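Heads up: the structure comes next, in structure tokens.
The values are calculated or read from the model by the stated rules, or taken from the named source; none is laboratory data. These figures come from a predicted structure and were not determined experimentally. Here the Cβ positions follow ideal geometry from the backbone for every residue, glycine too, while neighbour counts run over all protein chains shown.
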Amino acid sequence: MRLPRVSVWISGTGSNLAAILECHSIVDVSLVVSSKTSALGILKAKRAGVEVLVLDKKIDWQSLHQIHLDKKIDLIYLAGFMKVVPSSFVERWSGKMISVHPSL
């Protein structure tokens, strides 16, 4: 049985990403998506050998959805991702998105 393939979305240092990467025996971190080119979490992902996608300022949500389908992503972890995700994208991934970023 294969491990769930996850995409981790970040905007900053990647501290949540680091914790998720340590769970390599229960999830396969297949993609890291960053909203910032300067996010330190990008370095953590690259060191772990994980593919990184840095989003443009104008996000093409349809293309991002297709990339996740092509990579057979099972779950999306919003781990400190600081952009608003449109409801149309959230609906497509209903039950498959987890936010680990505290709101308060």
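What to note about this one:
- Residues being out of contact with any Ser or Thr (no Cβ under 7 Å at 6 or more places or on another chain) and either part of a strand (DSSP E or B) or under 22 Å from Lys58 (Cβ atoms) (or both) - total across region 78-95: 10
- Residues located in region 1-15, provided they are surrounded by fewer than 20 Cβ atoms within 10 Å (Cβ to Cβ) and not charged (D, E, K, R): Met1, Leu3, Pro4, Gly12, Thr13, Ser15
- Yes/no for Ala39 being over 14 Å from the mean Cα position of the chain (by Cα) and either basic (Lys, Arg) or within 24 Å of Asp70 (Cβ to Cβ) (or both): no
- Residue check, Ile76 in contact with a strand residue (DSSP E or B) (Cβ under 6 Å, 6 or more places away or on another chain), hydrophobic (A, V, I, L, M, F, W, C) and without any contact (Cβ under 8 Å) to a residue 40 or more places away in the chain: no
- Selection from region 79-104 of residues that are in contact (Cβ under 8 Å) with a residue 60 or more places away in the chain, hydrophobic (A, V, I, L, M, F, W, C) and touching a helix residue (DSSP H, G or I) at 6+ places or on another chain (Cβ under 9 Å): Ala79, Val100
- Of all residues in region 78-95, those being under 15 Å from Ile10 (Cβ atoms) and surrounded by 14 or more Cβ atoms within 10 Å (Cβ to Cβ) number 6.
- Yes/no for Leu75 being surrounded by fewer than 13 Cβ atoms within 10 Å (Cβ to Cβ) and closer than 22 Å to Ser15 by Cβ: no
- Among the residues making up region 40-69, those that are touching a strand residue (DSSP E or B) at 6+ places or on another chain (Cβ under 8 Å), surrounded by 14 or more Cβ atoms within 10 Å (Cβ to Cβ) and assigned to a helix (DSSP H, G or I) are Gly41, Ile42, Ala45, Leu64, Ile67, His68.
- Qualifying position, being modelled with pLDDT of 95 or more and hydrophobic (A, V, I, L, M, F, W, C), among Ile26, Ile76, Ile59: Ile76
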